[in-house]
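Just below is one structure, and these are the notes that go with it.
The values are calculated or read from the model by the stated rules, or taken from the named source; none is laboratory data. Source: prediction; values computed, not measured. Glycine also receives a Cβ, built like all others from the backbone with ideal geometry; neighbour counts cover every protein chain displayed. Just so you know, the surface numbers come from the protein's heavy atoms only, side chains and all, with ligands and any DNA or RNA stripped out. Shrake-Rupley method; radii C 1.70, N 1.55, O 1.52, S 1.80 Å.
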Amino acid sequence: MMVRIKDNGLNLVVYPNDHLPPHVHVLGPGWEVRISISGNIELMTITGNPKLQEIALAAEVVSRNMNELKKIWISLHD
């Protein structure tokens, strides 16, 4: 079962059967970005056409929720 955190209008999703490296899917209106959570925040992929401000917001909410996202990843993948 996937785990979702809602923050500032965005959905941060961790899927249980996902691949390494540890990452989160950030879903916005009509777009998705994947961001690594294994070290520094690193943008992995962009789907759709988010504005630069939306990508910055995605990185900000991942940063704000990083500890919880890492715990979720470990609980789903260990």
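The listed residues are SER63, SER38, and the only one of them that is hydroxyl-bearing (Ser, Thr, Tyr), surrounded by fewer than 16 Cβ atoms within 10 Å (Cβ to Cβ) and at pLDDT below 95 turns out to be SER38.
So, ILE74, is that one β-branched (Val, Ile, Thr) and over 19 Å from ASP7 (Cα atoms) or not?
Working: β-branched (Val, Ile, Thr): yes; over 19 Å from ASP7 (Cα atoms): yes.
Yes; evaluated as a whole, the condition is true for this residue.
Residues in the range 1-27 that are outside any loop (DSSP other than H, G, I, E, B), touching a residue at least 24 places away in the same chain (Cβ under 8 Å) and open to solvent by 20 Å² or more (accessible area, probe 1.4 Å): VAL3, ILE5, ASP7. The residues of the range 41-60 that are open to solvent by less than 60 Å² (accessible area, probe 1.4 Å) and of a type in the set (S, T, N, Q) amount to a single one, THR45. Of the residues in the range 28-50, at least one is in contact (Cβ under 8 Å) with a residue 24 or more places away in the chain, part of a loop (DSSP other than H, G, I, E, B) and in contact with a Pro (Cβ under 6 Å, 6 or more places away or on another chain).
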